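The values are calculated or read from the model by the stated rules, or taken from the named source; none is laboratory data. Bear in mind the structure is a predicted one, so any value in this text is a computation, not a measurement. With ideal geometry, Cβ positions are generated from the backbone for all residues, glycine too; neighbour counts draw on all protein chains shown.
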Amino acid sequence: MCCQRVRNQFRNQKNSIMKKLSFLVSVLSALFFALLFTACQDDSGAMESSTLSETASVSVTSEAAVASSMEDVDLLADAGMELFATSGRGLRDHLLECAEIAHDTASHVITIDFGDGCEDRFGTWRSGKIVIEYNERKYVPGAYRIVTFEDFFLDSVQVEGTRTITNVTDTSGTGIAFETSLVGGKLTFPDGSTITREAEHLRTLYVGEEREDNYASLSGSASGTLQNGNTYSSTIMEDLIFKRGCKATGVHIPVAGVLEIVSGDNTVVIDYGDGECDNLAEVTTNGETETIEVEPRGRRRPHKRG
């Protein structure tokens with residue numbers, strides 16, 4: 001009788017333990033599937049975000065590459081013109097500190113030669129030549145300059161094309177206004193991919209107390225091909241602002257303004273912000289907006305030439 005009682009108690013305890021284990025397994029299973037479902041939702045959201053970035057990234061980086069490269073060229077051309085505005089005495093811009101500069105006064109041609117390559121104090125590496133033909137000092141209304149390139153590279157990207165800049169300033173404005181055109185514009189990247197561009201813009205330069213306080217606003221439109229080979233057109237919806245002082249912090253893209261890019265069925269709107277020196281932009285495509293960090297000019301530093 002005693003043995004039977006012990007066996008019954010053992011059987012009851014065993015059944016109780018099995019019920020608890022069964023309940024625990026059920027709870028853990030439910031928790032596992034709940035976590036799995038949530039993870040799938042998170043992965044789906046991340047995928048959508050990634051897809052959004054991928055859809056817009058080619059347009060964004062291509063536009064940043066061309067716009068920032070042309071702004072760099074304009075600054076170099078400005079510096080070259082200013083160097084000889086008063087016979088070149090004490091006016092050398094630090095953007096040109098590692099370049100050799102020649103001035104043919106009879107032909108009105110300035111050549112900025114970076115040779116096999118040198119780096120400025122902001123870390124931008126340049127090589128080759130920029131050639132500037134001009135008729136008058138740049139601040140004179142009606143003055144023009146034509147900028148071309150000879151094996152010219154910004155970091156590891158080759159820049160080609162003909163850029164014409166004409167002073168159209170009138171007395172009603174507060175800045176110095178230039179009509180700028182780009183014909184046959186082309187950037188070639190180390191992997192062989194290219195961006196092409198034809199553009200008509202109005203660039204207005206505002207001069208501050210110090211050179212680093214200078215900034216430029218840009219309006220107008222452009223068209224060409226992206227790095228993936230697709231054609232595009234771009235329209236500046238709100239003036240793009242380039243701050244010279246931001247170059248010191250590695251920011252070469254606009255710091256304010258809104259740009260619309262149309263490529264095929266895709267429309268991408270880029271909002272560069274409110275003037276802060278950063279590489280952030282809000283990109284809207286297909287009704288969705290994402291904040292991304294734009295790689296300056298989409299460029300990589302070159303290998304040093306041996």
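What the table shows:
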| item | result |
| --- | --- |
| Among the candidates Ile253, Ile236, Ile261, Ile241, residue that is within 16 Å of the chain's Cα centre (by Cα) and not in a strand (DSSP E or B) | Ile253 |
| Some residue of the range 122-139 being within 14 Å of Asp72 (Cβ to Cβ), touching a strand residue (DSSP E or B) at 6+ places or on another chain (Cβ under 8 Å), hydroxyl-bearing (Ser, Thr, Tyr) and surrounded by 18 or more Cβ atoms within 10 Å (Cβ to Cβ) | yes |
| Within the range 207-230, tally of residues that are modelled with pLDDT under 95 and loosely packed, with under 15 Cβ neighbours inside 10 Å | 10 |
| Residue tally, condition more than 14 Å from Lys138 (Cβ to Cβ) and at pLDDT 90 or above, over the range 74-97 | 0 |
| Scan of the range 94-119 for residues that are part of a loop (DSSP other than H, G, I, E, B), surrounded by 13 or more Cβ atoms within 10 Å (Cβ to Cβ) and either among the hydrophobic types (A, V, I, L, M, F, W, C) or touching a Leu at 6+ places or on another chain (Cβ under 6 Å) (or both), ordered by number | Cys98, Ala99, Phe114 |
| Which listed residue, of Phe149, Phe178, is within 24 Å of Cys118 (Cα to Cα), touching a residue at least 12 places away in the same chain (Cβ under 8 Å) and among the aromatic types (Phe, Trp, Tyr) | Phe149 |
| Test result for Val294, at pLDDT 90 or above and closer than 30 Å to Tyr206 by Cα | no |
| For Asp271: the one exception among (1) assigned to a strand (DSSP E or B); (2) at pLDDT below 90 | (2) |
| Filter pass, Leu154 being touching a Leu at 6+ places or on another chain (Cβ under 9 Å) and over 30 Å from Thr285 (Cβ atoms) | no |
| Residue count, the range 158-176 (criterion: touching a Ser or Thr at 6+ places or on another chain (Cβ under 8 Å), at pLDDT 95 or above and among the aliphatic types (A, V, I, L, M)) | 2 |
| Filter pass, Thr235 being out of contact with any strand residue (DSSP E or B) (no Cβ under 6 Å at 6 or more places or on another chain) and not charged (D, E, K, R) | no |
| Condition met for Ile292 (part of a loop (DSSP other than H, G, I, E, B), on the phi < 0 side of the Ramachandran plot and not acidic (Asp, Glu)) | no |
| Near pairs, Cβ below 9 angstrom, 6+ apart or cross-chain, from the range 189-209 (farther than 22 Å from Leu240 by Cβ and touching a residue at least 24 places away in the same chain (Cβ under 8 Å)) to any residue that is surrounded by fewer than 18 Cβ atoms within 10 Å (Cβ to Cβ) and charged (D, E, K, R) | Phe189/Arg300; Pro190/Arg300; Thr194/Lys186 |
